[in-house]
Amino acid sequence: RFQSPRVLFSTQPPPLSRDGQDVEFLDSTDSLNRNIRTKRATHPVHNRGEYSVCDSVSVWVANKTTATDIKGKEVTVMVDVNLNNNAYKQYFFETKCRDPKPVSSGCRGIDARHWNSYCTTTHT
């Protein structure tokens, strides 16, 4: 049986953080597609001068009708699954690009004199 840390069934929205620190829940009044950020603990030595080429946003998403399976095929998603009189929703942990051009020249760390660059989400 295959288990994924990016897909789960639950009766309530899952926490954004997997480690239990700075956990935020998406309640039913919030849009599940909005961006929610939590604080990250950074080690003082490891954060100097290290930047991602493209900024990303991660969030749990529900109410999807289609998804891509592990073989790359598009499949239909069951929005609600009823089990023992409980309605379970299927949640997907998605990471997407925040901005296709985080800096004016494209992606950080790319020599703009010789290369054109942009950030793109490869799959969700």
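The values are calculated or read from the model by the stated rules, or taken from the named source; none is laboratory data. Just so we're clear, the structure is a prediction, and the values are computed from it rather than from any experiment. Positions of Cβ are generated from backbone atoms using ideal geometry, with glycine treated the same way; all protein chains shown enter the neighbour counts.
Per the conditions (1) more than 17 Å from the chain's Cα centre (by Cα); (2) of a type in the set (A, V, I, L, M, F, W, C); (3) modelled with pLDDT under 50, the sole criterion not satisfied by LEU32 is (1). VAL53 meets the conditions (1) free of Cβ contacts under 8 Å to residues at least 60 places away in the same chain; (2) more than 22 Å from PRO15 (Cα to Cα); (3) in a loop (DSSP other than H, G, I, E, B) in every case but one. The failed one is (1).
Is it fair to say ARG108 is more than 29 Å from VAL7 (Cα to Cα), among the basic types (Lys, Arg) and either in contact with a Cys (Cβ under 9 Å, 6 or more places away or on another chain) or not in a loop (DSSP other than H, G, I, E, B) (or both)? In short, yes.
From the list LYS39, LYS101, LYS64, LYS73, the lone residue that is at pLDDT below 60 and basic (Lys, Arg) is LYS39.
For SER17, state whether it is assigned to a loop (DSSP other than H, G, I, E, B) and modelled with pLDDT of 50 or more. Taking the combined requirement at face value, the residue satisfies it. Being farther than 24 Å from CYS119 by Cβ and modelled with pLDDT of 80 or more: is that true of LEU8 here? Criteria met by LEU8. Selection of first residues in segment 65-78 that are free of Cβ contacts under 8 Å to residues at least 24 places away in the same chain and of second residues that are small (Gly, Ala, Ser) and surrounded by 10 or more Cβ atoms within 10 Å (Cβ to Cβ), restricted to Cβ pairs under 7 Å at least 6 apart or on distinct chains, gives the following pairs, ordered by first then second residue: VAL75/ALA67; VAL77/ALA67. Among the residues of segment 59-81, those identified as among the aliphatic types (A, V, I, L, M), within 16 Å of the chain's Cα centre (by Cα) and assigned to a strand (DSSP E or B) are VAL59, VAL61, ALA67.
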